[in-house]
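Only one structure is covered here, and it is reproduced in the block below.
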Amino acid sequence: MQRVIYNRHCEERSGEAISQKMIRFNNMPPHSRIWIYQSNREFTSSEVESIKQKSDAFVKQWTSHDQQMNACIEIFHDRFVVVCVDEKTAPASGCGIDKSVKFIQQLEKEFTLSLLDRMNVAYRKEGKIHSTSISELKNIGNVTVFNNLVTTKEEFEKNWEVPIEQSWHKQFIA
């Protein structure tokens, strides 16, 4: 039977899935859009494995307006869930984004996490990652913060970890 190769998977002409090749963050193009969900605590090793499995399953079926998303979900530093989408192959419209947020909410509930609290800030001090409320930043000194507002993979790779003085966070330490 003839197979058609798509960006993310191989299907038979009938549309029945044969195999799914997962894309990893390193293989996503620099223009890919990202969303960063920071946990209020570090994940355990078993949570990391479970979140990875659930993320892969979600990405395999993730669509936006019936178009398969060319996407991946990766965990960084056992604390950050990063959703990455190549919007040149399929735009992440409102319904697709809603599906990803619902998935993140499911992770929050299942693992008793807070991933959507934007007032929670992560920073690196003496090689270890900590988190605190944004109002407490003035008390932590000269640290590197995680800028979870970056929107592309390229920005993520260049500007995700930045000294607090060079970050938008600096307004909270004055």
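The values are calculated or read from the model by the stated rules, or taken from the named source; none is laboratory data. Quick caveat: nothing in here was measured; it's all calculated off a predicted structure. Note that each Cβ is placed from the backbone with ideal geometry, even for glycine, and that neighbours are counted across all protein chains shown.
Tabulated values for the structure
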{"item": "Condition check for residue 24: within 15 Å of the chain's Cα centre (by Cα) and loosely packed, with under 14 Cβ neighbours inside 10 Å", "result": "yes"}
{"item": "Residue selected from segment 38-63 under the condition touching an Asp or Glu at 6+ places or on another chain (Cβ under 9 Å) and of a type in the set (Ser, Thr, Tyr), by the criterion nearest to residue 100 (Cα to Cα)", "result": "55"}
{"item": "Filter result (crowded, with 18+ Cβ neighbours inside 10 Å, modelled with pLDDT of 90 or more and not β-branched (Val, Ile, Thr)) within segment 133-149", "result": "146, 147, 148"}
{"item": "Subset of segment 65-105 [touching a residue at least 24 places away in the same chain (Cβ under 8 Å) and among the charged types (D, E, K, R)]", "result": "74, 78, 79, 86, 87, 88, 99"}
{"item": "Identity of the residue in segment 58-79, in contact with a Ser or Thr (Cβ under 6 Å, 6 or more places away or on another chain) and in a strand (DSSP E or B), that ends up modelled with the highest pLDDT", "result": "73"}
{"item": "Subset of segment 41-77 (residues that are surrounded by fewer than 20 Cβ atoms within 10 Å (Cβ to Cβ) and closer than 15 Å to residue 25 by Cβ)", "result": "48, 52, 56, 74, 75, 76, 77"}
{"item": "Qualifying residue in segment 133-154 (condition: in a helix (DSSP H, G or I), of a type outside the set (S, T, N, Q) and within 17 Å of residue 33 (Cα to Cα))", "result": "yes"}
{"item": "Failed item, numbered, when residue 55 is tested on (1) more than 21 Å from residue 160 (Cα to Cα); (2) part of a strand (DSSP E or B)", "result": "(2)"}
{"item": "Every residue from segment 108-132 that is surrounded by fewer than 12 Cβ atoms within 10 Å (Cβ to Cβ), within 20 Å of the chain's Cα centre (by Cα) and assigned to a loop (DSSP other than H, G, I, E, B)", "result": "112, 118, 119"}
{"item": "Residue in segment 133-174 that is nearest to residue 115 (Cα to Cα), counting only those that are of a type in the set (Lys, Arg) and touching a Phe, Trp or Tyr at 6+ places or on another chain (Cβ under 9 Å)", "result": "153"}
{"item": "Boolean, residue 101 is farther than 19 Å from residue 84 by Cα, of a type in the set (A, V, I, L, M, F, W, C) and out of contact with any Asp or Glu (no Cβ under 6 Å at 6 or more places or on another chain)", "result": "no"}
